[in-house]
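K.L.:
The structure is given below, and queries will be raised subsequently.
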Amino acid sequence: MNTTPDFQPQPLDLGAVMAAGGRLRRRRRLAVGATSGVAVLALLIGGAQLARPDGTQPAQTGAAPASAPPTGVHEQPVDQDDTYGDIVDTGIKSGDLPRLLWIHKLDEPLSPDITIGMTAGRREADGKLVTDIVTNETDGSDQSPGFHALEAPMSIGSGPVPAFGYYVGDAAKITVTADGKEITARQASWSEDPAVKLFWFPLKQVKSGSDLSKATAYDKDGRKLPAGNAGFGVG
């Protein structure tokens, strides 16, 4: 390329470039930061237990799915103010700690329609939240009808993580076909907007490495609802 006589090349600030584009590139990844704050009890559907951000829990409802043995990882503490709404206890254990799910806030000026994502983490004995996986959309709206931020089951250093995601709409039932069998998700309405359903699948039925078909949502009359982004990602 032609340059002017007084041209002086400037070093490329890779850190600034990565910081500016990081949130947009992040669809899924292990052990990054997370999420938001405050608690109103959410409507429970299918056997979830909610935990308020201060660590206290309302009454338990329904049975918890069975757990799988832990493996071994990297972790990142979470600023309590980053959790957004109630924290959902899946009933699955990560070692001796409960496997938790929650919504977190995002703020990316280049993607104004993407304001939330979902986190899988745990609470340590001292009450601190720890993030293991975060997932979010990168295109379109994060609250358009259908599935969002789906993550396949994994075994990571802190223990097992179930297949999870969230659905926007009046979903009375959410299923996936795992290794040829239809499995129904556990789900809970988000405390900040009951039209958003957090869901996950029992580890005994949807295991790490399972062959998964796209998730499907049904209304109370058994009719299929919009699919949205129904494909699962891993890692």
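K.L.:
Within the bounds of the stretch 183-191, is there any residue that is in contact with a Gly (Cβ under 6 Å, 6 or more places away or on another chain) and aliphatic (A, V, I, L, M)? Can you show your working first?
P.N.:
The initial filter retains those residues of the stretch 183-191 that are in contact with a Gly (Cβ under 6 Å, 6 or more places away or on another chain), namely 186-187, 190-191.
If we keep only those that are aliphatic (A, V, I, L, M) as well, we get none.
The answer is no; no qualifying residue exists.
K.L.:
On to the next question. S210 fails exactly one of the following numbered conditions: (1) under 15 Å from the mean Cα position of the chain (by Cα); (2) among the hydroxyl-bearing types (S, T, Y); (3) at pLDDT below 95. What is the number of that condition?
P.N.:
Condition (1) is where S210 drops out.
K.L.:
Now a separate question. Filter the stretch 159-186 for residues that are farther than 17 Å from V88 by Cβ, small (G, A, S) and either open to solvent by 10 Å² or more (accessible area, probe 1.4 Å) or under 10 Å from the mean Cα position of the chain (by Cα) (or both) and give the result. Break it down into steps so the answer makes sense when it comes.
P.N.:
Step one: list which residues in the stretch 159-186 are farther than 17 Å from V88 by Cβ, which gives 169-170, 172-173, 175-183.
Keeping just the survivors that are small (G, A, S) gives 169, 172, 178, 180.
If the condition is that a residue be farther than 17 Å from V88 by Cβ, small (G, A, S) and either open to solvent by 10 Å² or more (accessible area, probe 1.4 Å) or under 10 Å from the mean Cα position of the chain (by Cα) (or both), then G169, A172, G180 are the ones that fit.
K.L.:
Can you run down the residue pairs with Cβ atoms below 9 Å, 6 or more apart or on separate chains, where the first is in the stretch 108-133 and open to solvent by 30 Å² or more (accessible area, probe 1.4 Å) and the partner is of a type in the set (A, V, I, L, M, F, W, C) and part of a loop (DSSP other than H, G, I, E, B)?
P.N.:
As it stands, the answer is T115/L106; K128/V78, since those pairs meet every condition given.
K.L.:
Continuing with the same structure: For S210, are the conditions met, namely being in contact with a strand residue (DSSP E or B) (Cβ under 8 Å, 6 or more places away or on another chain), part of a strand (DSSP E or B) and of a type in the set (S, T, Y)?
P.N.:
Details: in contact with a strand residue (DSSP E or B) (Cβ under 8 Å, 6 or more places away or on another chain): yes; part of a strand (DSSP E or B): no; of a type in the set (S, T, Y): yes.
In short, no.
K.L.:
Mind checking whether some residue in the stretch 185-198 is more than 18 Å from I103 (Cα to Cα) and modelled with pLDDT of 95 or more? Even if it seems obvious, please write down each step before you answer.
P.N.:
The first filter runs over the stretch 185-198 and keeps only residues more than 18 Å from I103 (Cα to Cα), leaving none.
No, every residue in the stretch 185-198 fails to be more than 18 Å from I103 (Cα to Cα) and modelled with pLDDT of 95 or more.
K.L.:
Let me ask something additional. In the stretch 216-234, how many residues are exposed (fewer than 15 other Cβ atoms within 10 Å of the Cβ), in contact with a strand residue (DSSP E or B) (Cβ under 6 Å, 6 or more places away or on another chain) and assigned to a loop (DSSP other than H, G, I, E, B)?
P.N.:
So the count comes out to 1.
K.L.:
I would also like to ask the following. Do we have any residue at all in the stretch 144-154 that's over 20 Å from A185 (Cβ atoms) and surrounded by fewer than 24 Cβ atoms within 10 Å (Cβ to Cβ)? Before you say what the answer is, go through the steps one by one.
P.N.:
Step one: of the stretch 144-154, the residues over 20 Å from A185 (Cβ atoms) are none.
Looking through the stretch 144-154, none of the residues is over 20 Å from A185 (Cβ atoms) and surrounded by fewer than 24 Cβ atoms within 10 Å (Cβ to Cβ).
K.L.:
Within the stretch 169-192, how many residues are in contact (Cβ under 8 Å) with a residue 60 or more places away in the chain, in a strand (DSSP E or B) and under 14 Å from D219 (Cβ atoms)? Break it down into steps so the answer makes sense when it comes.
P.N.:
Of all residues in the stretch 169-192, those in contact (Cβ under 8 Å) with a residue 60 or more places away in the chain come to 172, 184-192.
Then keep just the ones that are in a strand (DSSP E or B); that gives 184, 186-190.
Add one more test, that the residue is under 14 Å from D219 (Cβ atoms), and what stays is 187.
Residues in the stretch 169-192 being in contact (Cβ under 8 Å) with a residue 60 or more places away in the chain, in a strand (DSSP E or B) and under 14 Å from D219 (Cβ atoms): 1 in total.
K.L.:
To continue, here is another question. Which condition breaks for S208 when tested against (1) surrounded by 14 or more Cβ atoms within 10 Å (Cβ to Cβ); (2) more than 23 Å from I87 (Cα to Cα); (3) touching an Asp or Glu at 6+ places or on another chain (Cβ under 6 Å); (4) not basic (K, R)?
P.N.:
Failed condition: (3).
K.L.:
Go through (1) under 21 Å from T119 (Cα atoms); (2) open to solvent by 20 Å² or more (accessible area, probe 1.4 Å) for L198 and report which single condition fails.
P.N.:
The single condition L198 does not satisfy is (2).
The values are calculated or read from the model by the stated rules, or taken from the named source; none is laboratory data. Since the structure is predicted, the reported quantities are computational estimates derived from the model, not experimental observations. In this analysis, Cβ positions are derived from the backbone assuming ideal geometry, glycine residues included, and neighbour counts consider all displayed protein chains. Heavy atoms of the whole protein, side chains included, go into the accessibility calculation; ligands, DNA and RNA do not. Shrake-Rupley method; radii C 1.70, N 1.55, O 1.52, S 1.80 Å.
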